[in-house]
Each structure stands twice: as C-alpha cells, then as structure tokens.
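The values are calculated or read from the model by the stated rules, or taken from the named source; none is laboratory data. None of these values were measured; they are calculated from a predicted model. Neighbour counts run over all protein chains shown; Cβ positions are idealised from the backbone, glycine included. Just the protein is used for accessible areas: all its heavy atoms, side chains included, with ligands, DNA and RNA removed. Shrake-Rupley method; radii C 1.70, N 1.55, O 1.52, S 1.80 Å.
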Amino acid sequence: MDFSFTEEQKILQRMVRDFATRELEPIARRLDEVEEFPHESVRKMADIGLLGMGLDPAYGGSGGGFTPFIIAMEEISRASAAMSTILSVQVSLCGQPLDRFGTKEQKERYLSFLTQGKKLAAFALSEPNAGSDAASIETTATRKGETYVLQGSKVFISCGDVADIYIVFAVQERVKKARGITAFILERGTPGLKVKKQGGKLGIRASTTAELLFDDCRVPLENRLGEEGAGFRIAMQIIDPSRIGVAAQAVGIAQAALDASVSYAQQRRQFGKLLGEFQAIQWMLADMATQVDAARLLMYRAADLKDRGLPFSKESAMAKVFASEAAMAVAVKAVQIYGGYGYFQESPVERYFRDAKITEIYEGTSEVQRMVISRNLLPEIFKREREDKSV
Ligand code: COS
C-alpha cells in the first residue's frame, strides 16, 4: 500500500494547481456573479490538455487512466467549482461514453473535437419527472426509416446552453423500463431541438444550465450510441466513475474552505487574541482537516480500484456521499469562522458554501448513493426486490 503520488502525478498536480491559481482563482468570483459560460477559460483548459484527460490518444486524448483526471478535478475545484463542473461534463460525462461505446466514425466525428475543446458537449439524462429514478425517463425515441425521432424534454442539463453535441437518453419501449432505454448523439441545430437557458442557480453559477425540448427531433441511425436498449447501462457505467470526479470536486471545495479558514484564524483578532488561539476554533479546524483527508482517501481508493480494473461502484458512491457531505460541513464551519464577513460575497467562503451544496445533489443525490451502497451490502434482499418488481 502506497499513499504517495508518483513523480508524474506530482508534476501534474503542480501544473494544474499553478494554472488554477493563476488563471481561474482571480476571476472565479466575477464568473459566479455574471453567471455566464466562461468560454475563454475553457479554451485555456483545452490548451493545457485537460479536456482530453484519460481519453484515447488516437482521438486527441492523453490516455493515462482515471487517477490523473481526479487529481486535476480537485485542483481546478479549489479555484472554481463551476470550472470543474464544465471539465467533468466534457471529459467524464461526454468524452468517456464516446470513447468507450462510440464507433470509430463517432469518435472521429465527435471525440476528437471534444478532447481539443473545439466542440462542447452535454449529458442529457434528467427530466422533469425522472431525476433519481432515472429508469423512468419519458422522452421517447421512435425509429422511422433511417432516423430515430425524439419527443420529450430534459432539465438541469449542465452546459446544455452552449453544447455543440448532446448525449441524450430516450426510451424506445417503456414496458422494458431500464432495458428499453437507448443513448443517442444529437447535434445542436438539429430541427426540432429547442434549448432554453435555466438561470438563477444557488452555486456553480458559471457552469450554465439548460432545458432541452425535443419536438419531432430526428437523429440519424449512425448517431445511436451503443446498442438499442443499452442506454441505461451506459449511463450507469459512465456515472459510476464520474461520481468519483464529483467527490474530487467536493474535496477541492472543502480544501479551499479549510485553507481560507486557517489563514483567517491567523489574522483576525477578537478579545485581544488571534482566532486561532481559541480552542473552539482550533477544534473546528481540526475536524475540518480530518474530514477533508478522509474524503480524499475514499476518493483515491475508488479511483485506484477503477484504474486496476476492479469493481468500484460501491466505493465510488461512498466517496461521493462522504466527500460531498464533508464539503458541506466544512463550508458551513468556514462561514462560521469568518462570522459576519463570511456571510458576504466579499469573503471567499460564501461561494464555497453555495458551491458545495450541488455535490450532494447532482450525479445522484446522497440518498441515491446510500441506495447504491446498501444494495451492495444486501445483494440477496435487493435481488428479491427486483424479481418481485419484474413479476
Ligand atoms: N453499472 C452497470 N449497470 C448497472 C449499474 C451500474 N452501476 N446499475 C444498474 N445497472 C443495470 C442493472 O444491472 C440492470 O440491468 P439489467 O436490467 O440488464 O439487469 C439495470 O441497470 C437496471 O438496474 P436497477 O434495477 O438497479 O435500476 P434502478 O431503476 O433501481 O435504479 C439507481 C438504480 C437509483 C442507482 C439509478 O437510477 C441511479 O443512479 N439514479 C440516479 C441517476 C443520476 O445520477 N442522475 C443524475 C443525473 S445524470 S448527471
């Protein structure tokens, strides 16, 4: 067992940290305020190769497994969680399914542009009536000649307003539930596709969000991703590792909140003493640091299992639920340490507090993560439940 980074990983971490500190940290607050997609910063992430991390080098990716991506996710999140959401959508939610399930033609046509940042992508699964219960999506795909016709809508699609392509999940045979779902690659500008920006988010405000409406929207046969009926399994196989990325995002936010608190505790004086001289504050910092480290270890354990080709679904859910709840708890304490200042936008910690919340919600709520973990602990009970359901 080795808890240290390789030389290569250390170099990567330093490189991404320098980039994030220089290019993202100074503008993170403004990006949050204006709630606009940061095209220029995304371009810069592409220039240093972040958008191809872990993806096939034959299509512009850098290969090299999943752990380097997790290292980058944490570092980008320390500076701007909105930017790491964009990174995660582009690489792990959209690059990965094309890389793993796409045909050679699909990879040439789409993946090679995603890895270079020449096209942006979005992952369209959630719907007004299907969030946690993803197998109940209602958007339909009906085969008509050489096309599939999409009808329905999607909500809360990160980067949906700026994406050039969408990975869309739609149901062909509703009676089959999860087994009736198929994945498609849909291009922006396809007749029948309407995109509506959804503004007013609590946090990660620079990673903009949209609603998608499909009205007789035709996808050519060659844009089906994977087999008919394989869509739900594709979604799950993509979300499983992507949840480790959300854990990394939570760890990055929590680390930033801890760093800010440690620094403030050494500057701010009350009752004639530095805050850091009060045991109440020392214990808060100690708990925060312990939570950050525990979350980080769960996150790297899950990434390591994935890189070694071992099962990691349960461990990814554990990492996500623990890290996101730790990020929230740490951010709450950071605001408390900052006191009145922490309640205002001028302090860095109010943004961490708002950004942390999404990590408990997207890519599976904390409740969904607990479902995944408990199903792994009680496989017999879960098997019986599924058999009863299918009768
Ligand atoms: N990897 C591969 N296959 C998986 C899988 C996984 N992690 N989880 C489930 N599957 C497969 C099952 O094996 C089953 O396949 P078969 O029908 O061929 O046997 C199928 O998918 C249905 O599985 P299950 O019955 O477990 O599905 P449920 O409807 O009970 O849903 C949860 C399971 C709740 C875990 C799932 O719906 C989920 O993760 N929901 C949250 C979705 C989410 O994260 N949304 C966020 C938006 S996307 S950013």
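Only one of the numbered conditions (1) more than 23 Å from L213 (Cα to Cα); (2) within 15 Å of the ligand (Cβ to nearest atom) is violated by Q116, and that is (2).
Residue pairs whose Cβ atoms lie under 8 Å apart, sitting 6 or more positions apart in sequence or on different chains, and linking a residue in segment 270-292 that is within 24 Å of F322 (Cβ to Cβ) to a partner that is among the basic types (K, R), are M284/K333; D287/K333; M288/K333. Residue count for segment 15-29 satisfying the condition of being closer than 14 Å to Q255 by Cβ and either outside any helix (DSSP H, G or I) or open to solvent by less than 80 Å² (accessible area, probe 1.4 Å) (or both): 3.
Within segment 345-375, the residues that satisfy the criterion of being open to solvent by 80 Å² or more (accessible area, probe 1.4 Å), within 14 Å of the ligand (Cβ to nearest atom) and either touching a helix residue (DSSP H, G or I) at 6+ places or on another chain (Cβ under 7 Å) or within 19 Å of V330 (Cβ to Cβ) (or both) are I361, R370, R375.
For segment 376-391, taking the residues that are open to solvent by 100 Å² or more (accessible area, probe 1.4 Å) and of a type in the set (D, E), the one that is farthest from the ligand (Cβ to nearest atom) is identified as E380. The strands (runs of 3 or more DSSP E) falling completely within segment 151-220 that include 3 or more residues that are in contact (Cβ under 8 Å) with a residue 24 or more places away in the chain and within 24 Å of D99 (Cβ to Cβ) map to 165-171, 181-187, 209-220. Is it true that T67 is closer than 19 Å to V246 by Cβ and under 19 Å from the mean Cα position of the chain (by Cα)? So T67 passes the test. Just a yes or no: is a residue in segment 251-258 of a type outside the set (S, T, N, Q) and without any contact (Cβ under 8 Å) to a residue 24 or more places away in the chain? Within segment 251-258 (the criterion being of a type outside the set (S, T, N, Q) and without any contact (Cβ under 8 Å) to a residue 24 or more places away in the chain), the answer is no, since none of the residues qualifies. Among the residues of segment 226-246, those identified as near the ligand (Cβ under 9 Å from one of its atoms), more than 9 Å from I181 (Cβ to Cβ) and charged (D, E, K, R) are D240, R243. Taken over segment 106-159, residues that are within 25 Å of I86 (Cα to Cα) and charged (D, E, K, R) amount to 8.
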